[in-house]
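The values are calculated or read from the model by the stated rules, or taken from the named source; none is laboratory data. As the structure is a prediction and not an experimental result, all values here were calculated from the model. Cβ: placed from backbone, ideal geometry, glycine included. Neighbour counts: every protein chain shown. To get the accessible areas, we keep the full protein, side chains included, count just its heavy atoms, and leave off ligands, DNA and RNA. Shrake-Rupley method; radii C 1.70, N 1.55, O 1.52, S 1.80 Å.
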Amino acid sequence: MISRTERTLTYAILALFTVVSLTPVLGILATALGPQSSLSTGFTLPDDGLHWGNFADAWTRGHFGTYLRNSALVTLSVVAVATLLSVLAGYAFGVMRFPGSTVLFYLFVLGLALPQEALVVPLYFDLRHLELTDTYWGLILPQAAQSLAFGVFWMRTYFRGSARSVIEAARIDGANSWTTLWRVLVPMARPAISTLVVIVFMWTWNEFLMALVMVSDEAHRTVPLGLAFFQGQHSSETALLAAAAVLIALPVVIVYVALQRRFIAGMLGGAVKE
């Protein structure tokens with residue numbers, strides 16, 4: 001039984017961390033809604049009202065409509081490919097038994113230990129040889145491959161923890177491996193899959209180095225790369241920079257809020273355990 005003192009202390013600690021977490025967010029919003037001539041508004045709202053036009057100005061001057069469309073195309077493609085392949089490979093490594101499965105799994109996990117900086121240069125020359133630089137494929141394929149290392153590890157861990165009795169019952173009823181995966185395990189794995197979707201979405205949406213190396217033309221820039229160029233052109237206009245940062249972060253916030261419950265459920269729990 002939790003005492004009143006322990007409960008009060010818990011809420012006080014949570015309130016403190018909430019304030020610490022929200023402080024930079026409120027600062028960015030206050031700056032984005034301030035006058036463009038001001039270098040920093042802090043948390044003080046401007047006397048002449050909120051400057052909502054900063055968002056439209058940043059959107060137009062920074063060409064963020066094109067960058068957001070590029071990021072949406074790349075991110076959704078990477079999430080779809082990485083999630084599908086992670087579910088299939090995770091099921092194979094977690095449920096099925098075949099020769100060499102352990103070695104192959106650790107080869108996938110090895111991708112978590114390799115820094116991106118060590119791979120991006122040789123990867124650039126390979127993709128340039130295949131004429132895939134300055135294309136969407138030059139952004140989608142490497143990031144989907146990078147996301148597989150974590151995705152396979154995550155889904156394999158989930159499927160290995162799934163109730164063996166459920167899988168055995170499905171097989172007794174005559175379900176093959178394909179039916180067991182898509183009709184039984186995938187519906188149970190929605191929290192874990194939602195967590196994987198959110199994590200891969202955030203990673204891909206915020207990816208900067210890969211876009212910087214693989215893309216040189218403006219037509220294929222993603223939002224992190226576009227924001228970097230925008231910052232270089234408007235380094236003294238903090239209100240516009242803050243407005244652009246809010247526009248870029250908004251899709252990630254929307255995705256997280258939409259999948260929040262399943263994300264938390266996937267992080268904390270899963271299917272029925274034996």
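Of note:
- Identity of the residue in the stretch 25-40, open to solvent by 80 Å² or more (accessible area, probe 1.4 Å) and closer than 24 Å to LEU250 by Cα, that ends up modelled with the highest pLDDT: LEU26
- Beta carbons closer than 9 Å, at least 6 apart along the sequence or on distinct chains, pair a first residue in the stretch 226-237 that is in a helix (DSSP H, G or I) with a second that is surrounded by fewer than 17 Cβ atoms within 10 Å (Cβ to Cβ) and among the basic types (Lys, Arg) for PHE230/ARG61; GLN233/ARG61.
- Meeting the requirement of 1 or more residues that are closer than 19 Å to MET202 by Cα and in contact (Cβ under 8 Å) with a residue 24 or more places away in the chain, the helices (runs of 4 or more DSSP H) wholly within the stretch 45-155 are 64-94, 101-113, 116-129.
- Scanning the stretch 165-202 for residues that are open to solvent by 50 Å² or more (accessible area, probe 1.4 Å), free of Cβ contacts under 8 Å to residues at least 60 places away in the same chain and under 20 Å from the mean Cα position of the chain (by Cα) turns up just one, MET202.
- Just so you know, in the stretch 207-219 the residues that are among the hydrophobic types (A, V, I, L, M, F, W, C) and either surrounded by fewer than 18 Cβ atoms within 10 Å (Cβ to Cβ) or assigned to a helix (DSSP H, G or I) (or both) include one that is modelled with the lowest pLDDT, and it is ALA219.
- Scope the stretch 189-206; condition farther than 17 Å from VAL152 by Cα and not in a loop (DSSP other than H, G, I, E, B); matching residues: MET202, TRP205
- The residues in the stretch 180-192 that are of a type outside the set (S, T, N, Q) and touching a Lys or Arg at 6+ places or on another chain (Cβ under 8 Å) can be counted, and the count is 2.
- Among the residues examined, SER165 does not qualify as at pLDDT below 85 and not in a helix (DSSP H, G or I).
- Screening ALA211 with (1) touching a Lys or Arg at 6+ places or on another chain (Cβ under 9 Å); (2) over 26 Å from ARG128 (Cα atoms) gives one miss only, at (2).
- Residue check for TYR11: in a helix (DSSP H, G or I) and either among the charged types (D, E, K, R) or at pLDDT 90 or above (or both): no
- Qualifying residue in the stretch 69-81 (condition: more than 27 Å from MET210 (Cα to Cα) and modelled with pLDDT under 95): no
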